[in-house]
1. Among residues belonging to the stretch 56-79 that are open to solvent by 20 Å² or more (accessible area, probe 1.4 Å) and under 21 Å from the mean Cα position of the chain (by Cα), point out the one that is farthest from the ligand (Cβ to nearest atom).
2. Cβ-Cβ below 7 Å, separation at least six or inter-chain, first residue in the stretch 146-162 and closer than 18 Å to ILE214 by Cβ and of a type outside the set (Lys, Arg), second open to solvent by 40 Å² or more (accessible area, probe 1.4 Å) and more than 10 Å from the ligand (Cβ to nearest atom): which pairs?
3. Do we have any residue at all in the stretch 204-217 that's touching a Pro at 6+ places or on another chain (Cβ under 9 Å) and among the hydroxyl-bearing types (Ser, Thr, Tyr)?
4. Can you name the residue in the stretch 291-332 that is within 14 Å of the ligand (Cβ to nearest atom) and of a type in the set (Gly, Ala, Ser) and is also surrounded by the most Cβ atoms within 10 Å (Cβ to Cβ) among such residues?
5. Can you tell me which residue within the stretch 42-55, out of those that are within 11 Å of the ligand (Cβ to nearest atom) and not in a strand (DSSP E or B), is nearest to ARG301 (Cα to Cα)?
6. Has the stretch 176-196 got at least one residue that is closer than 30 Å to ASP129 by Cα, of a type in the set (S, T, N, Q) and in contact with a Lys or Arg (Cβ under 9 Å, 6 or more places away or on another chain)?
7. Could you check the stretch 276-289 and list, in sequence order, the residues that are touching a helix residue (DSSP H, G or I) at 6+ places or on another chain (Cβ under 9 Å) and either β-branched (Val, Ile, Thr) or not in a loop (DSSP other than H, G, I, E, B) (or both)?
8. Restricting to the stretch 229-246, count the residues that are in contact (Cβ under 8 Å) with a residue 12 or more places away in the chain and closer than 23 Å to LYS17 by Cβ.
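The values are calculated or read from the model by the stated rules, or taken from the named source; none is laboratory data. A quick note: this is a predicted structure, and the numbers were derived from the prediction, not measured. Backbone-built Cβ (ideal geometry, glycine too); neighbour counts: all protein chains shown. Accessible surface areas use protein heavy atoms only, side chains included; no ligands, DNA or RNA. Shrake-Rupley method; radii C 1.70, N 1.55, O 1.52, S 1.80 Å.
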Amino acid sequence: MNKVDIVEWLKCEDETKLELLWKQADEVRDKHVGNAVHLRGLLEISNICSRECHYCGIHAGNEELERYRMPEDEILACVNEAVSYRYGTVVLQAGEDYGITREWLSGLIRRIKAETDLAVTLSLGERSDEDLVAWKEAGADRYLLRFETSNRELYNRIHPPLPGETSDRLALLKRLREIGYEIGSGVMIGIPGQTYEDLANDILTFKELNLDMIGVGPYIAHSGTPLGRDDAKLKAPEGEQVPNTEAMTYKVIALARIACPKANIPSTSALATLNTATGRELGLARGANIVMPNLTPKKYRAMYEIYPAKACIDETAADCRACMHGRILSIGRGIGSGRGDSPNKTKPDQAA
Ligand code: SAH
């Protein structure tokens, strides 16, 4: 599929034609990654952040927010819960929190790897080479870092670097791969200023990076952020601006699946936020093969408000597990067992 074809699909509103796209994506998913849906327990270990991303509710300048960093013992209790729920992976996500030090996290990763069989995924922002190497050596398996948009100008506008530094997430992803991580990335859909062509380039970039994991979700405006406040002013001209809708999210999931047949693709919480009733299931039926049930203790969930009205905010880890199982089984899919490693790693010769 080339850029013109992708743009045409992104603009398509003909339900009959779209059925063909959903069907193709579902077939590609079934053929390349199978029927099983893998569960990754998501633990939001800190909402402390040193960055000023214009889209994100936990950016440093948001003084309304109470901040937390989970202590090690509390994290390990949640990790044990993940084991008891038979999740294969724990994802440690946080703001770009330099209080999460190289040594402290290395120790935590070593304990998780010594005490469990879980794969460990990190999603901690743009950390130094020394940190990333040390965490890999401690046993971390995967790293998630969305490049957010492949349009460099838009990226620079919404994602300021730390003072005196540059921010190049594409280069960092390549470096993460060299270090030995499985790499995951993705974008937000419908960022004010994002055009159809930008989004088509994003999908082509997924392929170019040969990503192991691709996470996409709708951009959801947060009133405590610069982008949330200035939303309307920043939009691309009528007809060019990508809408941040549920329908557009399914199209991107399906196109990402067709472009990258072997990638692990989650049906995300941001999508479930737009359609609590059936968003997760429709994502799974249109290309996705992963869900990330939330493991974060209830007392912290509301504080990890990257966007408002986030799905599952009032639930416990046990609620999330039961809910995800029910949703997966209801659409005739199976629950994955084991770590759910990237087929790029387990069957490199067949990598797309
Ligand atoms: N600090 C880490 C984790 C950030 S949260 C990092 O920067 O990588 C994970 C993802 O949430 C971000 O990469 C972004 O794509 C998404 N996100 C942030 N704000 C959002 C918003 N307002 N709407 C939708 N998704 C958002």
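1. First, the residues of the stretch 56-79 that are open to solvent by 20 Å² or more (accessible area, probe 1.4 Å): 56, 60-61, 63-67, 69, 71-74, 77.
Okay, now just the ones that are also under 21 Å from the mean Cα position of the chain (by Cα), so 56, 60, 69.
On the way: CYS56: 4, ALA60: 11, ARG69: 13 Å.
Filtering first and then ranking leaves ARG69.
2. PHE147/LEU170; SER150/ASN201
3. Looking through the stretch 204-217, none of the residues is touching a Pro at 6+ places or on another chain (Cβ under 9 Å) and among the hydroxyl-bearing types (Ser, Thr, Tyr).
4. The residue in question is ALA311.
5. So the residue we want is ASN47.
6. As a first pass, look at the stretch 176-196 and keep what is closer than 30 Å to ASP129 by Cα: 176-189, 191.
Those still in the list that are of a type in the set (S, T, N, Q) too: 185.
In the following step, the residues that additionally are in contact with a Lys or Arg (Cβ under 9 Å, 6 or more places away or on another chain) were identified as 185.
Yes, there is a match, as at least one residue in the stretch 176-196 is closer than 30 Å to ASP129 by Cα, of a type in the set (S, T, N, Q) and in contact with a Lys or Arg (Cβ under 9 Å, 6 or more places away or on another chain).
7. Residues of the stretch 276-289 that are touching a helix residue (DSSP H, G or I) at 6+ places or on another chain (Cβ under 9 Å), as a first pass: 278-289.
Listed by number, the residues that qualify are THR278, GLY279, ARG280, GLU281, LEU282, GLY283, LEU284, ALA285.
8. Residues meeting the conditions: 7.
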